[in-house]
Amino acid sequence: MNIILLGPPGAGKGTQARRLVEERGMTQLSTGDMLREARSSGTEMGKRVAAVMDRGELVTDEIVIGLIAEKLEGGGGGFIFDGFPRTLAQADALGALLDNMGQRLDAVIEMRVDDEALVARITARSTCAGCGEVYNDISRPIPADGTCVKCGATEFTRRADDNADSLRQRLMEYYKKTSPLIGYYHAKGQLSVVDGLGEIDAVSAEIKAALDKA
């Protein structure tokens, strides 16, 4: 099963992707992770990525699609596209790639949020430096003993851009570039909507229900 997780910054896509990896044996394809891995791989594609990044340029859609193709060729229990596609052109390119490889996109999950509630949540967010587990001062505070419940680490970080002004700018970029994908996949009959601001377990249950229908 191949799926896309759609939603603005802070909607919880990464958290839900990790759950799907653990529970369903899927592979999370994060654009940033793929680029970092490729850059250090020494492959021909990796050298192309390194050259572009070293020049301070944006990596082209062609290169990203090439990296995704390499991952798809490796097989696995299905893929979660996290952070890609971001534009209609990328969505078309991904669809063509899947068709050429005899695969299909099974579902697109939109994690819908209320902007102001999202700002309140994200500005209170901390992340474990050890494993990336996410905590929140309001809804899920760091344990009183200062250790991560998942890995036992004691260091936590806050993203520099997890502030109200930066987040609103990131939301605007999302709505300008990525939100058209919602209508695109709705027209294809592939879109399901879940409440991205629900409790983590509740969101997971909604995603599971949507995937079971796909």
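No lab work stands behind these numbers, since they all come straight from the coordinates. Everything numeric in this text was worked out from a predicted model, so none of it was measured. All Cβ positions, glycine included, derive from the backbone under ideal geometry; neighbour counts span all protein chains shown.
Which residue, ARG104, ARG19, ARG159, tops the fluctuation ranking in a GNM of the chain built on C-alpha contacts under 10 Å? Most flexible of the set in this elastic network: ARG159. Of the residues CYS128, CYS151, the one with the fewest other Cβ atoms within 10 Å heads the list, and the complete ranking is CYS151, CYS128. Principal axis analysis of the Cα atoms in segment 71-198 yields extents of 51, 34, 24 Å, listed in decreasing size.
Placing +1 on the Cβ of every Lys and Arg and -1 on the Cβ of every Asp and Glu, with no other charges, gives the chain a dipole of roughly 140 debye about its Cα centre. In a GNM of the chain with a 10 Å cut-off on Cα contacts, which of ARG36, ARG112, ARG55 has the highest mean-square fluctuation? The residue that fluctuates most here is ARG55. Ranking PRO143, MET101, MET172 by Cα position along the charge dipole of the chain, where only Lys, Arg, Asp and Glu carry charges on their C-beta atoms, puts MET101 farthest toward the positive end.
Each of PHE84, PHE156 was scored by other Cβ atoms within 10 Å of its Cβ. Listed from fewest to most, they are PHE156, PHE84. Across the chain, the mean sequence separation of Cα contacts (distance under 8 Å, 6 or more residues apart), normalised by length, yields a relative contact order of 27 percent. Among the GluC sites (Glu not before Pro) within segment 55-107, those in coil by DSSP and having at most 15 neighbouring Cβ atoms inside 10 Å are GLU57. Among the GluC sites (Glu not before Pro) found in segment 116-191, those both in a DSSP coil and sparsely packed, with 14 or fewer other Cβ atoms within 10 Å of their Cβ, are GLU155. Fewest neighbouring Cβ atoms within 10 Å first, the residues CYS131, CYS148 line up as CYS131, CYS148.
Between MET172 and LEU58, the FRET efficiency estimated from the beta carbon spacing at R0 = 22 angstrom works out to 0.70. I'm spelling it out carefully: the read-out is Cα extents along the principal axes in Å, the candidates are [x] 48, 33, 31; [y] 71, 45, 36; [z] 51, 41, 33, and one was derived from this structure. Which label? Step by step, Cα extents along the principal axes in Å for this structure corresponds to label [z].
Label point 7 Å out from ARG159 along Cα-to-Cβ: which residues of segment 53-85 have amide N under 12 Å? Under cut-off, by backbone N: 83. Could you please report the charge total around VAL64, scoring K, R as +1 and D, E as -1 over all other residues with beta-carbon less than 14 angstrom from its beta-carbon? With Lys, Arg at +1 and Asp, Glu at -1, the net is -3. The helix-based estimate of mean residue ellipticity at 222 nm for the chain, built from -39,500 (n - 2.57) per DSSP H run of four or more residues and divided by its residue count, is -14500 deg cm²/dmol to the nearest 500.
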